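The values are calculated or read from the model by the stated rules, or taken from the named source; none is laboratory data. Everything quoted here is computed from the prediction, not taken from an experiment. Here the Cβ positions follow ideal geometry from the backbone for every residue, glycine too, while neighbour counts run over all protein chains shown.
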Amino acid sequence: MRSKLSVNLGNLLLAMSEVLDIANPSFAQHQQRTAFIALEIARCANLEKEIVEDVFAAALLHDIGAVSVEEKMALQNFESDDENIHAIRGAILLEQTPWFRKLAKIIKNHHRKWSDWDDDIKNPIVLMSQIILLSDYVERLVDRNKYILYQTDDIIEKIKGFSGTEINSDIVGCFIEVSKREEFWLDLVSVKLYKMLEHGGPYRNEEIGLDGIMLISDLYREIIDFKSRFTATHTSGVSACAEKMSSLYGLTDLEVSLMKISGNFHDMGKLVIPNSILEKPGKLTKYEFAVVRCHPYYTYYILDSIGGLDQVAKWAAYHHEKLDGSGYPFHCKAAEIDTGSRIMAVADIFTAISEDRPYRKGMDRRTAYKVIKEQSDKGLIDGRFVDLLFDNFDSISTYVKEKQSEAKDFYEKHFSKNILKDEYNVS
């Protein structure tokens, strides 16, 4: 394994934006399309390099607070009861990440009308928020079932009607200018949009190292966990357990860090699954379980598209694989499942059965050991790591509970809907 790790920032941001938009064809590529529109407007306005970068990044992450499939669908169809809820959630999440803190105010205000601002468009926050408001609106107006050049006139007229009220007239003017080109619209709906943005976007030559990747994985750990109140500490627990076990096993410092990152990302694919399934209190139907089985695939699909994270992709996505090939979704056999993936599988099972869920209480140490030992005795998971876990149970369990407690406190303090109502005046 390499002693250092770096990935392209544009590649990473594009991949991270995609996971929120692959659950349904009706909003596929929504954030990437919004970022493309915003980038074209920013360039048309000849904005300075830093603002172009910030508006691009903010557009790629603007729906980061819409953590359920159901909420994304309502937003895409203009049926949301309050669009501010996801904007405020997104701002709260980004505030926790030093890299993205400057984007938080943009995300928070990306549904704020021009007539509601008491500030000048020269203020970068106002400017970028307005660009994303327009870009988001245009993208949602596109009918995916109609040929794009057949509907552009209607979209342009709709946006013209917002000039000076919902959207600053100068920004509307820039949009009208770029919208004159058929190329703009055809690029917007191109299947190659990801590659266009990766190679033509503002971050095409910028690399980030391990610390930056860790910060972004921490952000997505919270997005994944806070998708449902019933799993608000699961990812934190798996990541902590995998980190501690890999350290005790003697992996290198880099490998331990990558295990933590993999743990943070391991359930990323659950962002694709409706909350109606994740939060179901009873037994899942055959159809519902079929939907759940897709989540490790999407975890792998996203992470493997980021150059340099191939190892993380496997460690994160193989947590439901079994040594006899009976796991899912890849049905790997023992020879294909390496040490990191074996540790992750044990960490995921232990954390899951130890947590309280709507339909059962978490298992105590004795019961958890019996359940996990039975799987290792059947040759489904690696017994070495079962022994490692329970030989060091007190230290691992304490560390896991500490990290889960931090996650729970943050969720209850900032993220529940009642808190949003009381603290942020969201209806």
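Applying the selection to the stretch 327-343, what residues are under 18 Å from CYS294 (Cβ atoms) and either of a type outside the set (A, V, I, L, M, F, W, C) or in contact with a Cys (Cβ under 9 Å, 6 or more places away or on another chain) (or both)?
GLY327, TYR328, PRO329, HIS331
Might you check whether a residue that is under 25 Å from the mean Cα position of the chain (by Cα), surrounded by 24 or more Cβ atoms within 10 Å (Cβ to Cβ) and in contact (Cβ under 8 Å) with a residue 40 or more places away in the chain occurs anywhere in the stretch 317-330?
yes
Being buried (at least 17 other Cβ atoms within 10 Å of the Cβ), polar (S, T, N, Q) and closer than 22 Å to TRP99 by Cα narrows it down to one residue among SER129, SER135; which is it?
From the options SER129, SER135, the qualifying one is SER129.
Which of the residues spanning the stretch 194-210 are surrounded by 13 or more Cβ atoms within 10 Å (Cβ to Cβ) and part of a helix (DSSP H, G or I)?
TYR194, MET196, LEU197, GLU198, LEU210
So ALA345 ticks every box in (1) touching a residue at least 60 places away in the same chain (Cβ under 8 Å); (2) crowded, with 22+ Cβ neighbours inside 10 Å but one. Which box is left unticked?
(1)
Can you find, within the stretch 352-392, the residue that is modelled with the lowest pLDDT among those that are among the polar types (S, T, N, Q) and either in a loop (DSSP other than H, G, I, E, B) or over 23 Å from GLY250 (Cα atoms) (or both)?
SER354
Check every one of the helices (runs of 4 or more DSSP H) wholly within the stretch 1-112 and list those with 3 or more residues that are more than 27 Å from VAL312 (Cα to Cα) and not assigned by TED's automatic domain parsing to the domain that holds LEU278.
Details: elements: 9-18, 30-44, 49-60, 69-76, 84-95, 104-108.
Answer list for the stretch 1-112: 30-44, 49-60, 69-76, 84-95, 104-108.
How many residues are under 20 Å from ASN46 (Cα atoms), small (Gly, Ala, Ser) and in a loop (DSSP other than H, G, I, E, B) if we restrict to the stretch 158-179?
0
Just give me the residues in the stretch 224-240 being under 9 Å from LYS270 (Cβ atoms) and small (Gly, Ala, Ser), in sequence order.
Scanning the stretch 224-240 gives a single hit, SER228.
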